[in-house]
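Participant: Pasting in a structure now, in structure tokens, and then I'll have a few things to ask.
The values are calculated or read from the model by the stated rules, or taken from the named source; none is laboratory data. Here the structure is a predicted model, which is why all the values come from computation and not from measurement. Surface accessibility is based on the protein's heavy atoms, side chains included, excluding ligands, DNA and RNA. Shrake-Rupley method; radii C 1.70, N 1.55, O 1.52, S 1.80 Å.
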Amino acid sequence: MSKKFSLFLSTLFCAFIGGVAIVSLLLPDKDFSPLENRFLKKPPKLSVESLTDGKFMEDAEDYVSDHIMGRDFWVAAKAWSERLSGKKENEGVYFGKQDTLINRVKDPNPDKLKKDMGYVDDLVGSVSVPVYFGLIPSAAEIWKDRLPEGAPTADEKAIIDQLYFSTGASTIDLYGALNAHGGEDIYYRTDHHWTSLGAFYGANAILEALGMEPLKLEDYEKTTVTRQFNGTSFSTSGVRWLSPDTIDTYVPDEGIKVTSWFKGIPEEGSLYVDSYLDVKDKYSYFLGGRQPLCVVEKEGSEGPKVLVIRDSYSDSLAPFLTERFSQVHLFDPRDNLTSVKNYVEDHNIDVVVVLYSFANFAIDQNLFVLAR
């Protein structure tokens, strides 16, 4: 390579980097990335303290990374490069078989689990109604055969069995219910949630634990509401070469009344919110997404009232629960710090179900609410 050609390449490279930097500075900042489904970093605040402790430079680097020209292209290019280099993971998401993205589940902190199980038992001792406890295993556990060979992930079944043995609450065998149907589409390929089909099997596991009549899949007609769902695993991984998921429903919303507390005050809600099918966060189609409290009532039903201490998996579960319960109260401790004991008494709840995905239970910092 001649000296002139080397100089030409160096000049071209510097011009490219400089051009990208200039254009990135001139482009208006975006607050949110729909493709990555997250809020982008804001400009760092300059202060003597932030300069001395290095936080300013750290925040500046994150800000520049988030607002670089063509960021979506560079995120996808990184995922492609990881795949071409032989790696089976990017940003904590495994490139699984059958075109499946599977989130890695880290081993939870045993001390945290012990403390949280204490909160569950506190709830058992403080209310006069039955309390059931269920952990939903992730796709990394049920779809182990789709993971890359040797891929490390938590032994969820062993940990769940241990926690079930330690608690005074009645337990729900969600692992058995889902594992029995592991060959079916019970999780999304591009998202960490279970599908409506997975939620159906989960609902039957709950009903079986409570001694109630199970649901029959043949009694329902599956309706596909979208074929363009790219979930959280898609957003996190940078993978852009997989086909989207479909979202299905089974239970119609006729005769269902929903009251939501998105802003701390009751407002009319909906079992399914069609507007979310037109945006990136399509899973919020179920009940409208995260909210402190939601009450779903089945008109004319004489069934019992259930309080579900829940995470987002219960959003797609709720329609099935309306088939056996007159009222389904969905209580999210991430945003609702009121007393669970008082709620049970004030609303004449018949049974409490503490229901979490394994991954969320391992990291949730608000389970102390159960002891209130």
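Participant: Compute the accessible area per residue over segment 159-298, keeping the other protein chains in place, probe 1.4 Å, unit Å².
Facilitator: Value returned for segment 159-298: 45 Å² of accessible area per residue.
Participant: Another question about this same structure. Taking each pair of different alpha-carbon atoms in segment 314-372 once, compute 1/r for the pair, average those values, and report the inverse of that mean as the Kirkwood hydrodynamic radius in Å to one decimal.
Facilitator: Mean inverse Cα-Cα distance, inverted, gives 12.7 Å.
Participant: Moving on. Hey, could you pull the Cα Rg and Dmax for segment 209-342, both in Å?
Facilitator: 15.9, 49
Participant: Can you send over the carbon and sulfur percentage of the accessible area for segment 267-372, probe radius 1.4 Å, protein chains only? All intermediate terms of the calculation are to be shown ahead of the outcome.
Facilitator: On the way: 1650 of 3790 Å².
Summing carbon and sulfur atoms, their accessible area is 43 percent of the total for segment 267-372.
Participant: Let me ask you something else. For segment 146-263, just the Cα set please: Rg and Dmax, both in angstrom.
Facilitator: For segment 146-263, the Cα-based Rg and Dmax read 17.1, 49 Å.
Participant: Now a separate question. Using the Kirkwood formula on the Cα atoms of segment 100-206, what hydrodynamic radius do you get, in angstrom to one decimal? Before the final figure, lay out each step's value.
Facilitator: Details: mean 1/r = 0.0670 Å⁻¹.
Final number for the Kirkwood radius of segment 100-206 is 14.9 Å.
Participant: May I pose another question? Under 20 °C and 1.002 mPa s, how fast does segment 189-234 diffuse according to Stokes-Einstein, given a Kirkwood radius computed over C-alpha pairs? Answer in µm²/s, whole number.
Facilitator: Answer, rounded: 172 µm²/s.
Participant: Please report how far the C-alpha centroid of segment 175-218 lies from that of segment 282-310, rounded to the nearest whole angstrom.
Facilitator: What the calculation gives is 17 Å, centre to centre.
Participant: Can you list, bin by bin at 10 Å, the percent of alpha carbon pairs in segment 166-217, starting at 0?
Facilitator: Once binned at 10 Å, the Cα pair distances of segment 166-217 give 25, 49, 22, 4.
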